[in-house]
1. Check the straight Cα-Cα distances from Lys65 and name the lysines below 28 Å, setting aside those fewer than 8 residues away within the same chain.
2. With label points built 7 Å along Cα→Cβ from the Cα atoms of Arg11 and Tyr38, find their separation and express it in nm.
3. Given the Cα-Cα distance of Leu50 and Asp27 and 0.36 nm per residue of separation, how much length would full extension add, in nm?
4. What's the angle, to the nearest 10 degrees (0 to 90), between helix 54-68's Cα axis and the longest principal axis of the chain?
5. Measuring from the lowest to the highest alpha carbon on each principal axis, how far does the chain reach, largest first, in angstroms?
6. Read phi for every residue in the range 19-24 and hand back ³J(HN,Hα) as whole Hz from Karplus 6.51 cos²θ - 1.76 cosθ + 1.60, θ = phi - 60°, with x for Gly and Pro.
7. Would you mind counting up the charge near Ala53? Only other residues with Cβ under 13 Å from its Cβ, with Lys and Arg at +1 and Asp and Glu at -1.
Amino acid sequence: MEFKGTEGDWRAFKPEDSNGYVYVDSDKTSQGGVATCYNHMGNAIEDAKLIAAAPELLDALQEMKNIFY
């Protein structure tokens, strides 16, 4: 399966002027180009880090599929 998401290295970051939100972007998008996580449940940073890891998680799952199937 080919990755069809936003290209580039994804990262999560909290701007200095953040009011509880965290951006996920890539080196090929602007601020918040992948997602914006709001801190309504108190876990915006964790959510953003999980989203930012999605391309690597997909790669790992595809490798596992190739090994076991």
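All of the numbers you see were taken from the coordinates with simple rules; none came from a lab. As the structure is a computational prediction, the values presented were derived from the model and not from experiment. In this analysis, Cβ positions are derived from the backbone assuming ideal geometry, glycine residues included, and neighbour counts consider all displayed protein chains.
1. The reachable lysines, counting only those whose Cα sits under 28 Å from Lys65, are Lys4, Lys49.
2. 2.6
3. Working: separation 23, 0.36 × 23 = 8.28 nm, distance 1.72 nm.
Additional length available on full extension: 6.6 nm.
4. Between the helix axis and the principal axis of the chain, the angle is about 20 degrees.
5. That works out to 47, 26, 13 Å along the principal axes.
6. Here the 3J(HN,Hα) series is 9, x, 9, 10, 8, 10 Hz.
7. Numbers: positive: Arg11, Lys49; negative: Asp9, Glu46, Asp47, Glu56, Asp59.
My count for the surroundings of Ala53 gives -3.
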